[in-house]
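*Asks:* The structure follows.
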Amino acid sequence: MDQEVSNLVIFIGRFHPLIVHLPVGILLFAGLMELLARVTKQERFRILLPFTLLTGVLSAACACIVGYMLSLSGDYNGNIFDLHFWFGIATTVVAFMAYLLSIGKFQSFIKGSVPYTISIIAVVILLSLTGHYGGSLTHGEDYLMAYAPFSEKEKEIDKPKDIANSVVFQHVVKPILDDKCISCHRSGKKKGELSMQDYENLIRGGKNGPVILAGNSKQSELVRRVTIEKSDKEFMPPEGKTPLSNEEIALLEFWINTVKASSKATISEVNVSEEIMGIIEERFDFQENTNSLATGEKVNESDIEALILAGFNIREMGFDSNIYDIDLPKRALVEGTSNELSVKLKLLQPIKNNIKKLSLDGLNVTDDHIQYINEFKELEQLELDRNPLTTTGLKTIKGLNNLISINLFGTNIDSEVFTVLNNMPQLKHVYVWNTKVKQQDIDFFKENYKDSPLTIVLDN
């Protein structure tokens, strides 16, 4: 029962971002009316002030209560939260005092309009401070001043002269955390009391203890959270945000297992497998050629909006690049039929040359759907895990000459798939765990195709 009550409280608390805009607008309007009354010397601007202030007080009190409920989730803490919390209460109290002064409650011992004017000014100032700290909680402490001309810019990470001298945590792991995790785990917004802003905070862990167990990725909470089923409520990042790719997960596991979660070890100091080195090389190439992303054909906004309405998650891979990471979540398929999935895939036709990554995991993709996937000629990363695909279906793949990585985990493929995939000129990484493929099949392929660039991963 306690858990049910807790969930209900947090559910109500999540309306805080919606409700909080009411007192902001109402109380600022009250301040504007008072200003106009004083500048124009016209009392008509004050006619609705008592009602406006009372409405502002009631909505502010409601926002405070709902905000407190939201804070019980444990996602917000620290000095910024305390300031936002107490400034919000102070705003409500002072606004109530201004309302009482506006209806003449203290006329018997408070003379003149100066106290009332001061209270209105105080409301506007307190409201501004409350809003500022609320914004800092949501967007980060530096949100307001980050792009100010006079602000101190964050020092960029120095790029290593070569991969061998790159620091694994600083140059390989931290960019992943910054891209996928930092929005919810940073100063001012520490979900689970976990901050990933720097190495020390990451290793310290959150309210349930450390999330990194050096040398053992399988027992590390961070890895567990990003590898469990997406439908699990503990899966991270949360719904609506881009999950870590298989390559990114592999790099995290490499850092934890092989590098022992060190903050200083370089690539040259540890034993790096061929697979991991290939992934790292690709990431460095990507970082050095980010401008090459901005070559996609211009996409109509109406096409993107139609895909979003159809349930697709869409992420542009670089500012104004017209290159997209597309994910179709399971919830987007209402009927769950093969025909419905075919209809969804056909919707991607208008942007077929702009898709670099496509995730269709767990959607009952069959051999018949390969014909639609063949249309995406610029595709580099394809996620087909947990689908009833067979080698027969993959034999029909053609034209995906830019494909670099394909995830076939949990499919019905067998060892014959290697001869099919080996003909793809750019393909380097194939993930085949939990399939009919055995280690002896991989060894046989490597022995007979020694010049093949394929890295086949059997164990997750």
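*Asks:* Can you say whether residue 336 is surrounded by fewer than 16 Cβ atoms within 10 Å (Cβ to Cβ), among the small types (Gly, Ala, Ser) and either under 29 Å from the mean Cα position of the chain (by Cα) or in the same structural domain as residue 435 (by TED's automatic domain parsing) (or both), as far as the supplied structure shows? Step through it out loud before you land on a result.
*Replies:* On the way: surrounded by fewer than 16 Cβ atoms within 10 Å (Cβ to Cβ): yes; among the small types (Gly, Ala, Ser): yes; either under 29 Å from the mean Cα position of the chain (by Cα) or in the same structural domain as residue 435 (by TED's automatic domain parsing) (or both): yes.
It is true that residue 336 is surrounded by fewer than 16 Cβ atoms within 10 Å (Cβ to Cβ), among the small types (Gly, Ala, Ser) and either under 29 Å from the mean Cα position of the chain (by Cα) or in the same structural domain as residue 435 (by TED's automatic domain parsing) (or both).
*Asks:* Can you tell me which of (1) outside any loop (DSSP other than H, G, I, E, B); (2) modelled with pLDDT of 75 or more is the one residue 197 doesn't meet?
*Replies:* Condition not satisfied by residue 197: (1).
*Asks:* Only residues that are over 23 Å from residue 281 (Cα atoms) and in a helix (DSSP H, G or I): list them for the range 419-441, please. Can you show your working first?
*Replies:* First, the residues of the range 419-441 that are over 23 Å from residue 281 (Cα atoms): 419-420, 433-441.
Across the range 419-441, the qualifying residues are 419, 420, 439, 440, 441.
*Asks:* Looking only at the range 103-132, which residues are buried (at least 16 other Cβ atoms within 10 Å of the Cβ) and either aromatic (Phe, Trp, Tyr) or assigned to a loop (DSSP other than H, G, I, E, B) (or both)?
*Replies:* Residue satisfying the conditions is 116 alone.
*Asks:* Give me a count of the residues in the range 242-275 that are under 24 Å from the mean Cα position of the chain (by Cα), of a type in the set (A, V, I, L, M, F, W, C) and modelled with pLDDT under 90.
*Replies:* Residues in the range 242-275 being under 24 Å from the mean Cα position of the chain (by Cα), of a type in the set (A, V, I, L, M, F, W, C) and modelled with pLDDT under 90: 1 in total.
*Asks:* To continue, here is another question. Looking at the range 162-194, which of its residues are outside any loop (DSSP other than H, G, I, E, B), within 18 Å of the chain's Cα centre (by Cα) and small (Gly, Ala, Ser)?
*Replies:* Applying the first criterion (outside any loop (DSSP other than H, G, I, E, B)) to the range 162-194 yields 163-165, 167-180, 185-186, 189-193.
Checking which are within 18 Å of the chain's Cα centre (by Cα) leaves us with 173-180, 185-186, 189-193.
Of everything in the range 162-194, just one residue is outside any loop (DSSP other than H, G, I, E, B), within 18 Å of the chain's Cα centre (by Cα) and small (Gly, Ala, Ser), namely 192.
*Asks:* Something else now. In the range 418-453, which residues are crowded, with 18+ Cβ neighbours inside 10 Å, without any contact (Cβ under 8 Å) to a residue 60 or more places away in the chain and either within 23 Å of residue 378 (Cβ to Cβ) or touching a Lys or Arg at 6+ places or on another chain (Cβ under 7 Å) (or both)?
*Replies:* Initial filter on the range 418-453 (crowded, with 18+ Cβ neighbours inside 10 Å): 418, 421, 424, 427-432, 435, 437, 441-442, 445.
Now drop any that are not without any contact (Cβ under 8 Å) to a residue 60 or more places away in the chain, which leaves 418, 421, 424, 427, 430, 432, 435, 437, 441-442, 445.
The answer is 421, 424, 427, 430.
*Asks:* Still on this structure, I have one more. Out of all the residues in the range 285-298, is one or more touching a Leu at 6+ places or on another chain (Cβ under 9 Å) and either at pLDDT 85 or above or at negative phi (or both)?
*Replies:* At the first step, the residues of the range 285-298 found to be touching a Leu at 6+ places or on another chain (Cβ under 9 Å) are 286.
In the following step, the residues that additionally are either at pLDDT 85 or above or at negative phi (or both) were identified as 286.
Scanning the range 285-298, I find at least one residue that is touching a Leu at 6+ places or on another chain (Cβ under 9 Å) and either at pLDDT 85 or above or at negative phi (or both), so the answer is yes.
*Asks:* Another question, then. Under 6 Å by Cβ, and 6 or more places apart or on different chains, what pairs join a residue from the range 194-213 that is closer than 17 Å to residue 178 by Cα and without any contact (Cβ under 8 Å) to a residue 12 or more places away in the chain with one that is assigned to a helix (DSSP H, G or I) and of a type outside the set (Gly, Ala, Ser)?
*Replies:* Final answer for the pair search is 195/201.
*Asks:* Which residue is surrounded by the fewest Cβ atoms within 10 Å (Cβ to Cβ), if the candidates are limited to the range 382-417 and must be part of a loop (DSSP other than H, G, I, E, B) and of a type in the set (Gly, Ala, Ser)?
*Replies:* We begin by selecting, within the range 382-417, every residue part of a loop (DSSP other than H, G, I, E, B); these are 384-389, 395-404, 408-411, 413-416.
Okay, now just the ones that are also of a type in the set (Gly, Ala, Ser), so 399, 410, 415.
Values: 399: 13, 410: 19, 415: 17.
The selected residue is 399.
*Asks:* Also: Do you know which of the residues in the range 345-381 that are β-branched (Val, Ile, Thr) and farther than 20 Å from residue 315 by Cβ is surrounded by the most Cβ atoms within 10 Å (Cβ to Cβ)?
*Replies:* First, the residues of the range 345-381 that are β-branched (Val, Ile, Thr): 351, 355, 365-366, 370, 373.
Subsequent filtering for residues that are farther than 20 Å from residue 315 by Cβ retains 365-366, 370.
On the way: 365: 24, 366: 16, 370: 19.
Of everything passing the filter in the range 345-381, 365 is surrounded by the most Cβ atoms within 10 Å (Cβ to Cβ).
The values are calculated or read from the model by the stated rules, or taken from the named source; none is laboratory data. Bear in mind that the values here come from a model prediction, so they are computed numbers and not experimental data. Cβ coordinates were reconstructed from backbone atoms using ideal geometry, including for glycine residues, and neighbour counts include every protein chain displayed.
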